[in-house]
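Some notes on the structure that comes next.
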């Protein structure tokens, strides 16, 4: 790459503190994004000052007793206004710092109710967004009562339609269907160096090792795993093992039949996950938001695992022809039928496992994903 003096200066901006917890997929995405984009741009980073545990954002418990007035629409409105004012002031501060750094182009990870993209556009900055999930829906999930909640979605659409380009991680471009043709759909990625070759093909010997990788949140629908395993005839239980990798999975382990050996590995460093996954047979994706890209899918595939996944929109859009074993979303019975079919000796699916592994390793390394993003940014920059 040429000297930094010859590169366009690009601001890489993250405003949401929860994204900076090292145990999350968001952090992995950000870390690789900074590393890869710095090869193409003179990169200046704007990141949250404090690391906040992602746990604080995911412990919403509807059964927990709460103070009554904090559940009113008026209180919710006050909270929204407080957050918006904070975000507005933060945007002005970032804008000043950005101009003092002589940045005319910004790459921003989208946050709900944050006006930064619009403010920078009004000041003449070229803005590119990375959108992970539906921000308005995420906010509604954790902050349900507000008289302003109906404005979350149109505000998010408004932001997307004002910028140069939106990189939707997953199939969210299909969801938004923006009138302005300024978006593309991208995937999460892998670091190839973390995925050694397998010693044996998946499902080639007993017990069949199932694996579930997650930092548990409600949308993962992890409880479906326990329900599916309970519906499998008990005579098959000794032929199965379940391996859990990630945070907050202790309660899930309690919901698995005791006759199935379940091993909770806890949190494992990203650099070590690939090696462990290559010893597994079947990666489970029990559910998720319909349009969402799931990093665990990429990890399972790169490790050469068979994948049994819910038939959500994004997985079908991107991988229907690559041998994923789909089951009806939300149906424990459908999931268990796939497992029983494998336990009964069905191996038809194996012919596509290598195709999926090759496809992921060939097209979805982080370097390739951000190379494509960089090319898009540079192309639009040159046209302006």
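Bear in mind these aren't lab numbers, they're just calculated from the coordinates by the rules spelled out. In this text the structure is predicted, and so the values were computed from the model without any measurement. No Cβ is skipped: glycine too gets one built from the backbone with ideal geometry, and neighbour counts run over all protein chains shown.
Against the longest principal axis of the chain, how steep is helix 152-162, in degrees 0 to 90 to the nearest 10, with axes from Cα atoms? The answer is roughly 60 degrees.
Taking every pair of alpha-carbon atoms in segment 192-362, give the share separated by more than 27 Å as a whole percent. Don't skip to the end; give the middle numbers.
On the way: 2313 of 14535 pairs.
When all Cα pairs of segment 192-362 are counted, 16 percent exceed 27 Å.
Taken along the Cα-to-beta-carbon direction at a fixed 7 Å, the label points for residue 261 and residue 151 span 5.8 nm.
Going from the fewest other Cβ atoms within 10 Å to the most, the residues 356, 276, 315 appear in the order 276, 356, 315.
Strictly greater than 38 Å: what percent of every Cα pair in the chain meets that?
Details: 17300 of 73536 pairs.
Across the chain, Cα pairs with separations above 38 Å total 24 percent.
With semi-axes defined as the square roots of five times the eigenvalues of the C-alpha gyration tensor, the equivalent ellipsoid of segment 115-194 measures 23, 19, 13 Å, largest first. Can you work out the PRE-style zone for residue 42? Point 7 Å along Cα to Cβ, and I want the residues of segment 93-118 with backbone N under 14 Å. The answer is 99-105, whose backbone nitrogens lie closer than 14 Å to the label point.
If packing is taken as the mean number of other Cβ atoms within 10 Å per residue, what is the order of 10-20, 83-93, highest first? Could you put the intermediate results ahead of the total?
Values: 10-20: 20.9, 83-93: 14.3.
Order by mean packing, descending: 10-20, 83-93.
Could you work out the relative contact order of the chain, using alpha carbon pairs under 8 angstrom and six or more residues apart, expressed as a whole percent? Can you show the working numbers first?
On the way: 643 pairs, mean separation 56.7, N = 384.
Computed over the chain, the figure is 15 percent.
Extension gain for residue 97 to residue 77 (0.36 nm times residue separation, less C-alpha to C-alpha distance): 4.2 nm. For helix 353-363, what angle does its Cα long axis make with the longest principal axis of the chain, in degrees from 0 to 90 and rounded to 10? The angle comes out near 20 degrees.
For residue 337 and residue 178, what is the calculated FRET efficiency with R₀ set at 41 Å and r taken between the beta-carbons, to the nearest 0.05? So, using R0 = 41 Å, E works out to roughly 0.60.
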